[in-house]
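Trainee: My questions all concern the structure below.
The values are calculated or read from the model by the stated rules, or taken from the named source; none is laboratory data. Since we're looking at a predicted model, the values are computed, not measured. As a convention, Cβ positions derive from the backbone with ideal geometry for all residues, glycine included, and neighbour counts pool all protein chains shown. These accessible areas exclude ligands, DNA and RNA; they are computed on the full protein's heavy atoms, side chains included. Shrake-Rupley method; radii C 1.70, N 1.55, O 1.52, S 1.80 Å.
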Amino acid sequence: MKNHVDPIKKLIKIVMKKNTLAKSLESSFMLMLMAVIFLNCTVASAQSTIYFQDEVITMPNNIASFNWDSMPESAKHNNGYFAWAHFSQTPTQDIQDQFAQRNLKLIEYFPHQTYLVYFPENTQISYLQQSGIVSIIPIENNFKKSTDIKLNNIGDHAMEGNNIIVMLEYYDFINKSYVLRELSNINGVIVKNRYTSTNYLEVAIPQNQMDAVVSKPFVKWVELISPAPTFEDFRGRSLHRSSNLDTQTPTGRNYTGAGIGMLVRDDGVVGPHIDFQGRLSNPITTNTGTHADGVSGIMTGAGNLNPTNRGMAVGSDFYTTNVFTDNTALSFADNPTVTLINSGDIQITNNSYGTGCNDGYDGLGRSVDQQVEANQTILHVFAAGNFGADNCGYGAGPGWGNIGGGANESKNTIATANTFFNGQLVGSSSKGPAADGRIKPDITAHGQGQISTTENNGYQSFGGTSGASPGIAGVAAQLYEAYTILNGGALPESALIKAAMLNTATDYGNAGPDFSFGWGMVNGLRAAMLIEDGRYFDSTISQGGSNDHSITVPANTSEVRFMVYWHDAPAAANASPALVNDLDLVVTDPGSTTHQPWILDTTPNAAFLNTPATTGIDRLNNVEQVIVSNPAAGTYNINIAGFNVPMGPQKYYVVY
């Protein structure tokens, strides 16, 4: 008799077998997945990836087996080596200081945790490894070339016959005579300009000799010379509240910019005009138009001939130079600019021109940030540009990401947007963001439809961001004077003046900062009151540090603004993001509620770029602001954290 098999039990056995098989397959899959993950983690731990320009640079974690003999001859200079070094994490300030003491040069920072370095050849690899370095690689030629040179995208402006005209940057600790001698030994290379007091040269290089030049270890960077500048054309004392600083009354404020020197970097000689009587110096003799006259009248015209045409800083002394006939001026290396800055005769420059559109943080941007780093009282003011309707490649189509040139996108300067007399943005005014997403323009002024000076005691109609920029420069001069009066004649650092203007600007456009107006319309009166009241302080911070500051807010305050601003270390040309030292601001109110700063959406889409600011963590800008409406009275804690400070210590200002 056959054994009877219960069909229910048979079904259960089949299901159990399938479950067992499924579990077996699942176990096998999990083992395979874990192996893949382990392999990927192993590969990831064996190398790091750095993004620079359009390059994806792999840095193997080779420090354990590294030796100096593996470096090519093109990396060696004077018993040491240039290289890229990658750290496992941003080195502490102690390590940064130890490197400086040992003459281990951390020359420049690249996002993230990577430096351009120069190390003596007797440096112990074990010490570098203990300090956190995990990778060292030589600097390939392509790492030293701008994208246009690398891709052979050479504009006509940078060609002379078969020669490419470049700006060459060499390391500032290498003797210029040595550099010139080495370049003269390369067939066909001609040094066109030597640039006094800078580590830049204008060089003509035969196309077939570019790599021969770039491979020299002293060469840090080459990029095409900038195309000829273009005017940013296309009065505002009341709208800017500048008139409240210069009331021309016995009892009111009378800040005229007296004792403050200004430089109009434009199209040459200004005047003659009675509105500048006794205050104008023309150290150059070239003159290519009356654009500089129009700029100067808005910035500092006294209205002697016609009081209704009075400008901003009517008591300041000012000078001129011509950026249209002297290409060295575009890099701020021309003799008038360098001499006047070094002598202390000027504190503010106005630059109402552009050299491109959405050029990113290029060599020009780096050079002006370097100049500010070396001269902390210098303030460079730029026109944001008149490309407001153009598509300059940011990715959002026409109307966005069209700031006019690399210097205009620098970090430690001011780029100015342009409005009509009623505060309405002019359609041609360039909009942000900067190529790396930073907030540009910085601030706004009335520039459109102004009446300003021209030569031979005349007046002319003037406008565009060319007219807005000198409005900001003039207000800045008034604020400089206010500070000197209150501080025994000492000059302010430009970081404080910029912070005061940004934090007190009248909000225009979307609430908070935006990519059209920046931080708002300049309000000279509010900025002066901030300085007069002493509502600012400075401190320093290092990698991983945290500083707490207390500020008391009185009762019945309708709004309080807290801003941290710092002049950031110059970044590598074409670095993106260009931010080097990244600080964080968090405000805690008396009720223990925390407040984070404004942030903007940088997605390359017109709708996102026009979205009002929200709050969160900022990883792009060297300025952060927290606003509290109807604040409770009491003590507010201002926390400044050194999230990433690879080139420390970093000085900062808090204004409120």
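Trainee: Just for the range 289-432, what percent of DSSP beta bridges are antiparallel, to the closest 5?
Mentor: Antiparallel: roughly 10 percent of the beta bridges in the range 289-432.
Trainee: Separate question: Using the Karplus curve 6.51 cos²θ - 1.76 cosθ + 1.60 with θ = phi - 60°, work out ³J(HN,Hα) for each residue of the range 207-219 in order, rounded to whole Hz, and write x for Gly and Pro.
Mentor: So the J values, rounded to whole Hz, are 4, 7, 10, 4, 5, 4, 6, 5, 6, 5, x, 6, 7.
Trainee: Run the numbers on the range 291-346 and let me know its relative contact order in percent, using alpha-carbon pairs under 8 Å that are six or more apart.
Mentor: 20 percent
Trainee: Short version: ³J(HN,Hα) in whole Hz for each residue of the range 436-452, in order, from phi by Karplus 6.51 cos²θ - 1.76 cosθ + 1.60 (θ = phi - 60°), x for Gly and Pro, what are they?
Mentor: 9, x, 5, 6, 9, x, 7, 7, 10, 9, 7, x, 7, x, 8, 9, 9
Trainee: Short version: ³J(HN,Hα) in whole Hz for each residue of the range 107-123, in order, from phi by Karplus 6.51 cos²θ - 1.76 cosθ + 1.60 (θ = phi - 60°), x for Gly and Pro, what are they?
Mentor: 6, 7, 9, 10, x, 10, 6, 10, 10, 7, 10, 10, 10, x, 5, 8, 5
Trainee: Based on Cβ point charges of +1 for Lys and Arg and -1 for Asp and Glu, what charge dipole magnitude is obtained for the chain about its Cα centre, in debye rounded to the nearest 20?
Mentor: For this selection, approximately 1940 debye.
Trainee: For Tyr109, tell me the accessible area in Å² from a 1.4 Å probe, rounded to the nearest 10.
Mentor: 10 Å²
Trainee: I've got another one for you. For the range 276-408, what is the relative contact order in percent, using Cα pairs closer than 8 Å and at least 6 residues apart in sequence?
Mentor: 20 percent
Trainee: Here is a follow-up. Enumerate the amide H contacts of Lys192 below 5 Å, restricted to partners 5 or more residues apart or on another chain; note that Pro and chain-start residues carry no placed amide H.
Mentor: Close amide H contacts, sequence-distant or interchain: Glu202, Val203, Ala204.
Trainee: For the chain, which whole percent of the accessible surface, found with a 1.4 angstrom probe, sits on carbon and sulfur atoms?
Mentor: Taking all protein chains in place, the chain shows 51 percent carbon and sulfur surface.
Trainee: Rounded, prolate or oblate: pick one for the range 54-131, where a ≥ b ≥ c are the square roots of the eigenvalues of its C-alpha gyration tensor, a/c under 1.5 means rounded, and failing that, prolate if a/b is larger than b/c, else oblate.
Mentor: Rounded shape, in that the Cα axes give a/c under 1.5.
Trainee: According to a simple spin-label model (label point 7 Å from Cα along Cα-to-Cβ), what is the distance in nm between Tyr178 and His112?
Mentor: So the two model labels end up 3.6 nm from each other.
Trainee: Taking amide H positions as placed 1.01 Å from N in the peptide plane, with prolines and chain starts having none, which residues 5 or more places from Lys220, or on another chain, fall under 5 Å of its amide H?
Mentor: Sorted by chain and number, the residues that satisfy this are Glu169, Tyr170, Tyr171.
Trainee: Quick one: accessible area per residue over the chain, 1.4 Å probe, rounded to a whole number of Å²?
Mentor: Ligands and nucleic acids excluded, the result is 40 Å² per residue.
Trainee: Just one of (i) 46; (ii) 53; (iii) 67 is percent of Cα pairs over 35 Å apart as worked out from the coordinates here. Which one is it?
Mentor: Derived directly from the coordinates: (i).
Trainee: Report the extension gain between Asp148 and Ser197 in nm, rounded to one decimal, defined as 0.36 nm multiplied by the number of residues separating them, less their alpha carbon distance.
Mentor: 14.9 nm
Trainee: If I take every Cα pair under 8 Å that is 6 or more residues apart in the range 87-215, average their sequence separation and divide by the length, what percent do I get for the relative contact order?
Mentor: For the range 87-215, the relative contact order is 19 percent.
Trainee: Next question, about the same structure. Residues of the range 502-534 with the amide nitrogen closer than 18 Å to a label point 7 Å from the Cα of Thr593, along Cα-to-Cβ, please.
Mentor: 512
Trainee: Which cross-chain or sequence-distant (5 or more) residues have an amide H under 5 Å from the amide H of Leu245, H modelled 1.01 Å from N in plane?
Mentor: Sorted by chain and number, the residues that satisfy this come to none at all.
Trainee: If you restrict to DSSP beta bridges whose two residues both lie in the range 213-343, what percentage is antiparallel, to the nearest 5?
Mentor: Antiparallel: roughly 25 percent of the beta bridges in the range 213-343.
Trainee: I've got another one for you. For a 31 Å ceiling on Cα separation, which of these pairs sit above it: Lys216/Lys498; Lys76/Lys651; Lys150/Lys411; Lys431/Lys498?
Mentor: The pairs that break the limit, which is 31 Å between Cα atoms, are Lys216/Lys498; Lys76/Lys651.
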